[in-house]
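Written below as structure tokens is the structure these notes are about.
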Amino acid sequence: MRALLVAALLVLAGCGTAGPAPTDTATAAPVPDSGSYPPGVDGDGVVSAVALGNAHAEATAGSYRVRSNWTVRHANGTLRGRVVQRATVTPAAWTTTLVVTGDTGIVADGNATAVFYSEGEALVQRVRRPNRTTYLYVPPAEYNGGSGFYNSLRRPKPYRDPGVLADAVALRLAERAPNGSVVLAGDSLADASLFELSVGVAEPRNVSYRLRVTASGLVRTQRLAYTGTVRGETVVVTRTVRYLPYDGTVERPPWYDTARNESVRG
């Protein structure tokens, strides 16, 4: 699976009826210590994409939710394909829903809603299309702990490791908050070949990448946009990913046994 929401923070300031007395002295806002940057980041931008990627992987090792939208348009602006992904992940189990529209190569071309569930050993899948519903059971040997495509269902690839894109795009420090979080932004490629491998397009251009990173290194939000070539066609791609905290559980779906018994590979 190849193939990010930019968090908009609205700060509503109250309006006072009177300003400070003439003798008042304005106090400067606290400035973070010069060393208080997320792992792999300093005052200029990214100094270690590996450290940034590792910190994000560590920060998402437990429970979380992912909200992702991958949209591909033709050069004239019409929709070519879209995948909306919603995942809930815990150490014990995870579930993901993919809503697929158009030509994506994900699950199947055309419109479909696919739901996946795993407790770590095996995986079940339900795919609903306009005219039919199918089930799939992936046994432990084939599931193999969730490698390849199945891993991307928990963390959208290649964005499960933002270090790849942090190496491919020249990122600068755009914002810095007192709590140590930062916003990184880039509009040019540092490694075009790596970027091509990461996103699966040729001749990438018009790249825009923006990500908000917490002090611990969690890449909370990402927004990536670019133009490229796929099978000889020019496409315009937008990808948003947002990680959210989660402290609940993931329940086995009611169709679990149906998937085991009516698997298309049964």
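Odds and ends about this structure:
- Against the criterion of being modelled with pLDDT of 90 or more, under 15 Å from the mean Cα position of the chain (by Cα) and open to solvent by 20 Å² or more (accessible area, probe 1.4 Å), T113 does not qualify.
- Failed item, numbered, when Y135 is tested on (1) open to solvent by 20 Å² or more (accessible area, probe 1.4 Å); (2) under 23 Å from N69 (Cβ atoms); (3) hydroxyl-bearing (S, T, Y): (2)
- Scanning the range 190-220 for residues that are open to solvent by 20 Å² or more (accessible area, probe 1.4 Å), hydroxyl-bearing (S, T, Y) and in a helix (DSSP H, G or I) yields a single hit, S193.
- Qualifying residue in the range 52-59 (condition: in a loop (DSSP other than H, G, I, E, B), crowded, with 17+ Cβ neighbours inside 10 Å and at pLDDT below 95): no
- Scanning the range 222-256 for residues that are within 30 Å of G120 (Cβ to Cβ) and over 19 Å from the mean Cα position of the chain (by Cα) gives D247, G248, T249, V250, E251, R252, P253, P254, W255, Y256.
- T27 vs. criteria at pLDDT below 90, open to solvent by 80 Å² or more (accessible area, probe 1.4 Å) and either more than 30 Å from V127 (Cα to Cα) or touching a strand residue (DSSP E or B) at 6+ places or on another chain (Cβ under 7 Å) (or both): yes
- Residue match in the range 70-86 (condition: of a type in the set (S, T, N, Q), at pLDDT 95 or above, open to solvent by 40 Å² or more (accessible area, probe 1.4 Å) and under 19 Å from A225 (Cα atoms)): yes
The values are calculated or read from the model by the stated rules, or taken from the named source; none is laboratory data. What you are looking at is a predicted structure, and each value in this text was computed from that prediction instead of being measured. Backbone-built Cβ (ideal geometry, glycine too); neighbour counts: all protein chains shown. Protein only, heavy atoms only, side chains kept; ligands, DNA and RNA dropped before computing areas. Shrake-Rupley method; radii C 1.70, N 1.55, O 1.52, S 1.80 Å.
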